[in-house]
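K.L.:
Quick one: the structure is below, questions incoming.
Quick note: the coordinates plus some simple rules give every number you see, no bench work behind them. Fair warning: this is a prediction, and the values are worked out from it, not measured in the lab. Heads up, the Cβs are rebuilt from the backbone with ideal geometry, glycines too, and the neighbour counts pull from every protein chain shown.
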Amino acid sequence: MLVPMHELLKDAEKGKYAIPACNFCNLETMYPILEAAKELHAPIILQAAASEIYYFGEDLMTGCVKAVADRMGLTVALHLDHGRDYEEAIKCLRRGFTSVMFDGSELPYEKNLAITRNIVQAAHAVGISVEGELGKIMGAEDAAFLESEEDELTDPEGAAVFARETGVDALAIAIGTAHGFYKKEPKLDFDRLQKVRELTHHLPIVLHGGTGIPEESVKKAVALGIRKINFSTIIRADFIETFRSFSTENPEEYGLMTISQIAMRKVKEAIVHCIELLGCNGKT
Ligand SMILES: [Zn+2]
């Protein structure tokens, strides 16, 4: 069953755990994520950015996720990751997504706030959740410079105003994580996270760039109120590396399904680990 993301986050808030939000672009990445959730009785968020939705098939994605989730008896939220404008968010509402993100972090604050608020109004009218973003979450290649760049991190007072004025259900913040592979170990600004949580009256907070954050930092972030952690790089990397190494070691193997299944198993193991780390196993 597809459910609005805020319903899953509400339970996560009560139970003080976080839910993995996993990017997928085809059936080979969708299945292992759902299988991991099923095996561990865990809530799960499937998410896709515009390019992933387009690759999967705009007219197919919602139907496939819903059919498989129903067949497996799972509770899943389907979320637009890094939506770029109002139109994209509305298209996803029409497609049957149960949550959308608007990433206006590149825009001036007032513009980000205005567009996010408009999307929240439209989405909430049909019971769909919205994730906003405040502060700039870097690519890992930029993150090496991030430590002293305080102004790129989320301002807690600004986050409080943004949350109140927009009515978002969840907020992605910049506290030192980045997308892609980290060049060096990320240092999370936990004081900033704690302040954001206090000032937003415990709004569910989202951490992007989940791949490669030290486990102790993940646990501490969850204890301080992170309720959704995004995983994308690990899914693609595990699939590709497993596929590549098996093919290299078995050059005569042309069984596409055989190799794909081995790669899918590896992705499933990775998601099982994420679910356990975030503490949402056994929560459905
Ligand atoms: Zn992201």
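K.L.:
Please specify each residue of segment 78-120 satisfying the condition of being buried (at least 22 other Cβ atoms within 10 Å of the Cβ) and in contact with a Phe, Trp or Tyr (Cβ under 7 Å, 6 or more places away or on another chain).
P.N.:
Scanning segment 78-120 gives Leu78, His79, Leu80, Gly83, Ala89, Thr116, Ile119.
K.L.:
Select, from Gly104, Gly83, Gly139, Gly132, the only residue that is in contact with a Lys or Arg (Cβ under 8 Å, 6 or more places away or on another chain) and within 15 Å of the ligand (Cβ to nearest atom).
P.N.:
Gly104
K.L.:
Give, as residue ranges, the helices (runs of 4 or more DSSP H) completely inside segment 83-185 that count at least 1 residues that are among the hydroxyl-bearing types (Ser, Thr, Tyr) and farther than 30 Å from Cys64 by Cβ.
P.N.:
Ranges flagged: 109-125, 156-166.
K.L.:
Suppose the filter is in contact with a Gly (Cβ under 7 Å, 6 or more places away or on another chain), more than 16 Å from the ligand (Cβ to nearest atom), of a type in the set (A, V, I, L, M, F, W, C) and at negative phi; does Ile115 pass it?
P.N.:
Here the answer is yes, as Ile115 does meet what is asked.
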